[in-house]
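The values are calculated or read from the model by the stated rules, or taken from the named source; none is laboratory data. Predicted, not measured: the structure shown is a model, and the values here were computed from it. Every residue, glycine among them, receives a Cβ derived from its backbone with ideal geometry; neighbour counts consider all protein chains shown. The area values use the complete protein model at the heavy-atom level, side chains included, leaving out ligands, DNA and RNA. Shrake-Rupley method; radii C 1.70, N 1.55, O 1.52, S 1.80 Å.
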Protein chains: 2
Amino acid sequence: MRLQDCRITIVGLGLMGGSLAMALRERIRPHRGVWGVSRQPRTMHQALIRNVVDFATLDLAEGVREADLVILATPVRTIIEMIGQVGPQLAPGAVLLDLGSTKADIVEAMARLPAHVQPLGGHPMCGKEVAGLDAAEATLYDGAVFVLTPLARTKGEALDLARQLATAVGARPLVMEAERHDRLVATISHLPYALAVALVGVAEEAGQEDELVWELAASGFRDTSRLAASELTMMLDILLTNRRSVAETLRRARGRLEALAALLEAGDEAALREVLGAAQARRQTLSRRGVGQ
Amino acid sequence: MRLQDCRITIVGLGLMGGSLAMALRERIRPHRGVWGVSRQPRTMHQALIRNVVDFATLDLAEGVREADLVILATPVRTIIEMIGQVGPQLAPGAVLLDLGSTKADIVEAMARLPAHVQPLGGHPMCGKEVAGLDAAEATLYDGAVFVLTPLARTKGEALDLARQLATAVGARPLVMEAERHDRLVATISHLPYALAVALVGVAEEAGQEDELVWELAASGFRDTSRLAASELTMMLDILLTNRRSVAETLRRARGRLEALAALLEAGDEAALREVLGAAQARRQTLSRRGVGQ
C-alpha cells in the first residue's frame, strides 16, 4: 500500500497531530485527503481555516470509518481509551498507529483490537513545550527519530506504511520493542522533564525567601527549566504510564546529586574534576554529533 | 569619572573578557583605548588581529599599571590569586572590578587590597557553554543583569563607573551584597549546571546498558543537558567557592525528586497534578516575562 493512495485520518489536532497533517499535505498530498478529528469545535474550525486538513469532523466514528490509516495523536491515556472505541469502526485491513509518548500500555491495549485491524505503536522524538494547533508546523518532524513498535500480530505491510509515513514527514523510522522504548525514554525524555520541574520548584522556594532570585535567571536557567512548561495532561499521562522506569531513573539522578554534594562538601577537587569532566566530554561529543537538533 | 575618558584594561580575553572588550570598543570607543592582558600568546595575537582590543600584552603589570579601570575576567580562583598581584601595581584611585561568577571569596580578597585601590565585585548574568575568545561577541551582555557587589570601602564614584560600564555594554546594573548574590546564584545558576551534569551521568549509565538511548535524544534532552558542556575550570572554581549554598540547593533538589518519585509510585494523580501544574504555571509566567532572554 502506498501512503499517497491512503485515506489518512488523524485523531487529535494538537501540536503533534496538526504538524503531521501539515507535513503530509504539504509534502505528499494524499489523493483521498487528510482527515482530522477533534473534540473541540474551535480546533476543528481552525484546522479547516488554516488548511491543516482537507476534511474535519467532531465525530470519531465518522472520521475513522473509511480510513486506510488512522493515527491517534492525543495524550497517552486518551489514546488507550480511544483504541477500544475506534477498533470496531475500522475497515478491514486498516492500519492503526498512535503517536503516544509511552508505548507499553498502548501496545497492550492494541493487542485486544479486533483481528481485522492492523495496529502498531509510534513515537516521534520531537515536540515543543508549547501545545496545541497554534504551535503546529510542517517542519516539526524534520530530522527526528520516529520510533515504531509493532505487535506480534502486525503485518509487514502495516509496518511498511508506518515507515513511509515517518519518512514522508522528514523523520527517521526506528523499530524497537515497546518495553525497550519506555525504558529508554524514561532516561532521555522523562528525566529531563522531572529535573526541570524540580529546578523550578527549588527556584520557587528560593524566590519565597528572596524574590531577587528571578532577576538573576539567565539563559542557563531558562534552558534547563524549559520542559517544566510542558503540557500538563500529556506529561501526567506519560509519567503515570511509565512509573517504574521513571522512578528508577529518578533514583539514579538523586544518587548523582548526592555524590556531587558529597564531593563538594569534602572539597575533593580531583574527584569533582573527574565527574564534571566526564559529563562535559560526553555532552560536547553529543553537540558535535548534533544530538536533538 | 566618565567611562569614555578611562584607560580600561581587561585581564583575561576569553568569552566574557573578549565580549566585554568588543562591546566597549564598538559602542563607546574609550579615547585612551581598551587594553587586554592574556597569559596565552595565541589569544593575545587573536585579540589584536580581530581588533578585540587596541593594545595587548602578556605582562600583567604592564597591562594594569596606567589603567583607570581594571577588569579581571578569568575563572574565580584565578581572580582571587590575581587580586594580590595586581593591587600593588595599580595607580592611585584606580578601580578594580571583576566578572567572577561567585562573589563572597573575591570581595574578601579585595578587602585586603592597598588603600589606594577602589575595588568592587561584578557578575554579569550571561554566558554560553562555549568558552574562549572565538565564542566572544559584542552583543553577549545585551539585556543581561550585571550584579555589582561593592565593599564597605568602595566609593560612590567607583560604583558609578562600574554602573556606566554595565550600561555601556547593554546590561542592567543591580547592586547587592556578595553573600546574597552567592546564595541566589546557587539556585538559579549553579543548580541548573549540577542537574545537567546529573542528567548526562544518568544517560551515560543508561547508554552503557543500551546504546540506543542516544538515538532517542531530542530537543528536551539537548536543552536540559546543555550546561554540562560548560568550561570545566570555570565551573570547578564556582562550585568550590560556593560550597555551602550549592550543597543546600542540591539537597533541596534531591528532596523534590524524591517527592516526585513517591507520588509516582503511589500513583497519586491529584497530588502529582498539583506539583507539575505549579511548576508549569511558574515556568509559563517566566516565559511571558522573557526571563533569561
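Data overview
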{"quantity": "Candidate set: the stretch B:253-270, residues that are surrounded by fewer than 18 Cβ atoms within 10 Å (Cβ to Cβ) and farther than 20 Å from A:SER245 by Cβ; chosen: the one farthest from the chain's Cα centre (by Cα)", "calculated": "B:ALA270"}
{"quantity": "In the stretch A:79-93, the residues that are part of a helix (DSSP H, G or I) and either surrounded by fewer than 19 Cβ atoms within 10 Å (Cβ to Cβ) or touching a His at 6+ places or on another chain (Cβ under 8 Å) (or both)", "calculated": "A:GLU81, A:GLY84, A:GLN85, A:PRO88, A:GLN89"}
{"quantity": "The stretch A:160-170, residues that are open to solvent by 20 Å² or more (accessible area, probe 1.4 Å) and either β-branched (Val, Ile, Thr) or over 19 Å from the mean Cα position of the chain (by Cα) (or both)", "calculated": "A:ASP160, A:THR167"}
{"quantity": "Residue within the stretch A:56-70 that is touching a Ser or Thr at 6+ places or on another chain (Cβ under 7 Å) and part of a loop (DSSP other than H, G, I, E, B) present", "calculated": "yes"}
{"quantity": "Among (1) free of Cβ contacts under 8 Å to residues at least 60 places away in the same chain; (2) open to solvent by less than 50 Å² (accessible area, probe 1.4 Å) - the single one B:ASP237 does not satisfy", "calculated": "(1)"}
{"quantity": "Scope the stretch B:121-139; condition open to solvent by 20 Å² or more (accessible area, probe 1.4 Å), more than 25 Å from B:GLU108 (Cα to Cα) and in a loop (DSSP other than H, G, I, E, B); matching residues", "calculated": "B:LYS128, B:GLU129, B:VAL130, B:ALA131, B:GLY132, B:GLU137, B:THR139"}
{"quantity": "Residue match in the stretch B:189-199 (condition: outside any helix (DSSP H, G or I), of a type in the set (Phe, Trp, Tyr) and under 19 Å from the mean Cα position of the chain (by Cα))", "calculated": "no"}
{"quantity": "Helices (runs of 4 or more DSSP H) contained entirely in the stretch A:217-293, each with at least 2 residues that are more than 30 Å from A:TYR141 (Cβ to Cβ) and more than 7 Å from chain B (Cβ to nearest Cβ)", "calculated": "A:243-266, A:269-288"}
{"quantity": "Where a residue in the stretch A:23-52 is part of a strand (DSSP E or B) and its partner, wherever it lies, is charged (D, E, K, R), with Cβ under 6 Å and at least six apart", "calculated": "A:VAL34/A:ARG25; A:VAL34/A:ASP54"}
{"quantity": "Only listed residue being in contact with a strand residue (DSSP E or B) (Cβ under 9 Å, 6 or more places away or on another chain), open to solvent by less than 10 Å² (accessible area, probe 1.4 Å) and without any contact (Cβ under 8 Å) to a residue 40 or more places away in the chain, chosen from B:LEU69, B:LEU96", "calculated": "B:LEU96"}
{"quantity": "Set B:MET16, B:MET44: member being modelled with pLDDT of 95 or more and buried (at least 23 other Cβ atoms within 10 Å of the Cβ)", "calculated": "B:MET16"}
{"quantity": "Matching residues, the stretch B:146-159, being surrounded by fewer than 19 Cβ atoms within 10 Å (Cβ to Cβ) and under 16 Å from the mean Cα position of the chain (by Cα)", "calculated": "none"}
{"quantity": "The stretch B:177-216, residues that are open to solvent by 20 Å² or more (accessible area, probe 1.4 Å), of a type in the set (Asp, Glu) and more than 7 Å from chain A (Cβ to nearest Cβ)", "calculated": "B:GLU177, B:GLU179, B:GLU209, B:GLU211"}
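Condition check ((1) within 22 Å of the chain's Cα centre (by Cα); (2) of a type in the set (D, E, K, R)) across all residues:
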position	(1), (2)
B:ARG7	no, yes
B:LEU13	yes, no
B:LEU20	yes, no
B:ARG77	yes, yes
B:GLU81	yes, yes
B:LEU99	yes, no
